[in-house]
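So the structure is just underneath, and the comments pick up after that.
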Amino acid sequence: MNGGALAGLRILDLTSVVVGPTCTWRLAQYGAEVIKVEAPEGDLMRGLGGLSPTGQHSGTYLHLNRAKRNICLDLKKPGTPAVMERLVASADVVVANMRPRALERCGLDAATVRARHPDKIHCLITGYGTDGPYAGRPTYDSVVQGASGIAGLFLGRDGAPSYVPMVVCDHVVGEIAAGAILAAIVRRNAGGGGATIEIPMFETMAAFVLQEHLAQHSFDPPVGQEGDQRLLNPMNKPLRTADGWISVTINTDPQVRAFLKAVGREDLLSDPRFATVAARARNVKEWFEIRGAGLSGKSSAEWLEIFGAADIAAMPCHTLETLRQDSHLQEVGLISSEQHPTEGRVSAIRSTIRTDGTYAPLGEVAQPRGWESQRLLEELGFSSDEIEELLASGAAVPTPAK
């Protein structure tokens with residue numbers, strides 16, 4: 001549907017909600033043609049992601065499903081296996097985040113697909129994999145945040161577990177799935193054949209947590225407390241100024257010296273507790289208390305100017321209301337406005353990846369459910385009589401009339 005490194009590659013998208021659509025959205029950004037298959041009731045995220053004029057295009061759905069074609073099929077109807085077989089045959093990659101048993105019932109699991117088409121790349125995103133005691137359990141992002149220890153990180157810091165207020169696990173795993181598919185494409189193009197890929201959310205996010213927070217317990221015997229004490233410190237948060245908040249990070253010894261001078265704490269320049277990275281790690285509590293104090297006397301703009309002159313990493317701490325007004329984001333045009341066929345004017349978020357000086361084209365807006373059902377059936381070689389029968393039986397569903 002658009003130019004790019006994956007132009008000419010077709011992705012059959014059997015995903016819903018966030019994790020799978022994130023994966024296939026990324027592949028669409030790279031130029032692949034993505035065909036999204038939806039059930040008659042539609043992707044849950046059409047409504048779950050928030051309000052919209054028609055109730056069928058939440059903001060989250062819009063942003064994660066643009067540049068995709070859409071066919072609506074009822075996989076329980078007798079006519080759909082023939083449609084799915086042609087879709088699978090026409091695709092290079094099949095991506096799914098349905099439960100494994102549901103895929104098996106539809107003949108869309110990796111073993112069945114690759115028995116018929118050994119050259120296909122089949123990627124299954126699951127909550128807990130297909131073996132082990134948790135296999136097959138249902139899950140959502142917040143459940144994985146709890147199971148993987150992300151929510152529990154807040155327990156030691158704030159006194160109670162808490163969720164990160166965005167579906168961070170879905171986004172991370174979706175992007176990892178896209179990367180795994182790209183690696184499989186490279187292998188196939190080099191003559192390595194198709195691939196069966198499985199990515200479990202729980203293990204993936206547990207690994208993310210442990211890569212940082214196994215920390216001193218990465219050694220036998222441990223050399224200190226479990227967990228990165230800098231990240232777990234209650235003072236590791238945006239800093240209050242006279243009129244708001246800013247985010248500041250200082251890590252290297254020269255940065256620390258520049259910071260102490262900037263905030264008028266030259267008296268600490270010779271303090272051995274804060275002189276080196278290792279010393280600050282041993283005295284992290286005291287260091288973060290000093291770092292977070294003493295900024296209330298100046299405005300955010302004043303501190304940002306001071307820290308900028310000292311080459312210290314500092315930025316405004318935006319809210320959802322102020323982020324869209326950020327001068328940099330406005331200058332580079334991250335967000336634009338466009339017309340949607342059913343929702344009126346909507347916001348569009350372009351790709352943040354620039355290749356050879358050019359951003360990937362936005363592609364078409366996210367389509368209404370069944371928007372291209374009839375056209376795709378025609379492209380797959382079904383006759384007009386066959387298409388009429390599929391539509392009449394409810395096996396294929398066009399876009400509902402307004």
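Points worth noting:
- Filtering Val144, Val113 for residues that are within 21 Å of Lys36 (Cα to Cα), of a type in the set (A, V, I, L, M, F, W, C) and surrounded by 15 or more Cβ atoms within 10 Å (Cβ to Cβ) leaves a single hit, Val113.
- Where strands (runs of 3 or more DSSP E) fall wholly inside the stretch 308-388, the ranges with 2 or more residues that are touching a residue at least 12 places away in the same chain (Cβ under 8 Å) and β-branched (Val, Ile, Thr) are 344-349.
- Qualifying residue in the stretch 219-231 (condition: in contact with a Cys (Cβ under 7 Å, 6 or more places away or on another chain), under 30 Å from Cys169 (Cβ atoms) and aliphatic (A, V, I, L, M)): no
- The number of residues in the stretch 291-342 that are of a type in the set (Ser, Thr, Tyr), touching a strand residue (DSSP E or B) at 6+ places or on another chain (Cβ under 8 Å) and within 15 Å of Ser247 (Cα to Cα) comes to 3.
- Residues in the stretch 340-351 that are open to solvent by 50 Å² or more (accessible area, probe 1.4 Å) and at pLDDT 95 or above were compared, and the one that is nearest to Ala67 (Cα to Cα) is Ile349.
- Considering the stretch 1-40, and only residues there that are under 21 Å from Glu379 (Cβ atoms) and part of a helix (DSSP H, G or I), the residue that is farthest from the chain's Cα centre (by Cα) turns out to be Ala28.
- For beta carbons closer than 6 Å, sequence separation of 6+ or different chains, a first residue in the stretch 105-132 that is in contact (Cβ under 8 Å) with a residue 24 or more places away in the chain and part of a loop (DSSP other than H, G, I, E, B) and a second that is open to solvent by less than 60 Å² (accessible area, probe 1.4 Å) and among the aromatic types (Phe, Trp, Tyr), the qualifying pairs are Tyr128/Phe202.
- Candidates Val223, Val209, filtered to the one that is outside any loop (DSSP other than H, G, I, E, B) and either open to solvent by 80 Å² or more (accessible area, probe 1.4 Å) or modelled with pLDDT of 95 or more (or both): Val209
- Index of the failed condition, Gly174 passing every other in (1) more than 22 Å from the chain's Cα centre (by Cα); (2) in a helix (DSSP H, G or I); (3) at pLDDT 95 or above: (1)
- Meets criteria (closer than 26 Å to Thr319 by Cβ, assigned to a helix (DSSP H, G or I) and open to solvent by 60 Å² or more (accessible area, probe 1.4 Å)) for Arg230: yes
- In the set Ile335, Ile387, only one residue is open to solvent by 30 Å² or more (accessible area, probe 1.4 Å), at pLDDT 95 or above and among the aliphatic types (A, V, I, L, M); that residue is Ile335.
- Ile121 farther than 25 Å from Gly49 by Cα and touching an Asp or Glu at 6+ places or on another chain (Cβ under 7 Å): yes
- Flag if Arg46 is in contact (Cβ under 8 Å) with a residue 60 or more places away in the chain, open to solvent by 20 Å² or more (accessible area, probe 1.4 Å) and among the charged types (D, E, K, R): no
- Set Arg66, Arg86: member being in a loop (DSSP other than H, G, I, E, B), in contact with a Phe, Trp or Tyr (Cβ under 9 Å, 6 or more places away or on another chain) and not hydrophobic (A, V, I, L, M, F, W, C): Arg66
- Residue match in the stretch 8-29 (condition: aromatic (Phe, Trp, Tyr), open to solvent by less than 20 Å² (accessible area, probe 1.4 Å), in contact (Cβ under 8 Å) with a residue 24 or more places away in the chain and in contact with a helix residue (DSSP H, G or I) (Cβ under 9 Å, 6 or more places away or on another chain)): no
- Scan of the stretch 144-181 for residues that are of a type in the set (A, V, I, L, M) and free of Cβ contacts under 8 Å to residues at least 60 places away in the same chain, ordered by number: Ala147, Ile150, Ala151, Leu155, Ala160, Val164, Met166, Val168, Val172, Ile176, Ala180
The values are calculated or read from the model by the stated rules, or taken from the named source; none is laboratory data. Keep in mind it's a predicted model, so treat the numbers as computed, not measured. Methodologically, a virtual Cβ is constructed for each residue, glycine included, from the backbone with ideal geometry; neighbour enumeration extends over all protein chains shown. Each accessible area value is taken on the protein alone, full model and side chains, heavy atoms only, with ligands, DNA and RNA left out. Shrake-Rupley method; radii C 1.70, N 1.55, O 1.52, S 1.80 Å.
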